[in-house]
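The next block holds one structure in the form of structure tokens; read it before the comments.
No value in this document is a laboratory result; all are computed from the given coordinates. Treat the numbers as computed from the prediction; the structure is a model and nothing was measured. Cβ placement follows ideal geometry from the backbone for every residue including glycine, while neighbour counts extend to all protein chains displayed.
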Amino acid sequence: FRAVPEFTTALKIFIVAHALLAFRFMYLFLRGRGIGRLASATGGVLWAFNGMLTSRIEFLSVYATLIWLPLILHFIDRCAVAPSLRRTASVALVLAVQFLAGHAQMWFYAVLGAGVYALYRAVQKRSAHPVTGFGAAVGIAVLLAAVQLLPTMEFLAHSTRTGSATTPSGFGMGV
């Protein structure tokens, strides 16, 4: 947004770039699972323009966070096939970038979903590495994204959803 002075132009570029990234990440994930090119491209289009993503375009942080999920799953698959520190680091880097996209709740949901997927791959491969590698990647990602973690924790502590009476209305939802 700083690089393009006109806000509406920058917003259009942001949306198109993220739609293209969403397409590419799902395409990579599906191709890595052995799906054909046409089917993978179809899956990429469906992911890039699914109802959840398109209905969240106006929430830039939600949109920017969710598009990374297929790439995380793709890297989990690669770790399951041939575990290595480099592949675990790639999962960690994408998780950190996803967290830095700015929506902690969607990141948490993505980590839960990816953790279930890692567990599925561990059972499928009869190896604990997909789960242990994913756990290590989450730990590394939290360290990499620590610069955003503290402000996020501060923000969440002052949210009206905490259940505390920090707002004039006293509105809030506990855990």
Item checked: Magnitude of the charge dipole, region 20-124, Cβ model with Lys/Arg +1 and Asp/Glu -1, debye to 20 -> 360 debye
Next item on the list: Work out Dmax and Rg for the chain from the C-alpha atoms and quote the Rg first, both in angstrom.
Entry: 17.9, 57
Next item on the list: Using only Cα atoms, tell me the angle between helix 104-125 and the longest principal axis of the chain; keep it within 0 to 90° and round to the nearest 10.
Entry: 20 degrees
Notebook entry, point to check: To the nearest 10 degrees, how steep is helix 85-100 against the longest Cα principal axis of the chain, on a 0 to 90 scale?
Noted result: 30 degrees
Checklist line | Overall dimensions of region 63-130 by Cα: Rg and Dmax, Å | finding: 11.7, 35
Margin query: Over the Cα atoms of region 5-52, what radius of gyration and what Dmax do you get, in Å?
Written below: 12.9, 43
Next item on the list: Using only Cα atoms, tell me the angle between helix 69-81 and the longest principal axis of the chain; keep it within 0 to 90° and round to the nearest 10.
Entry: 40 degrees
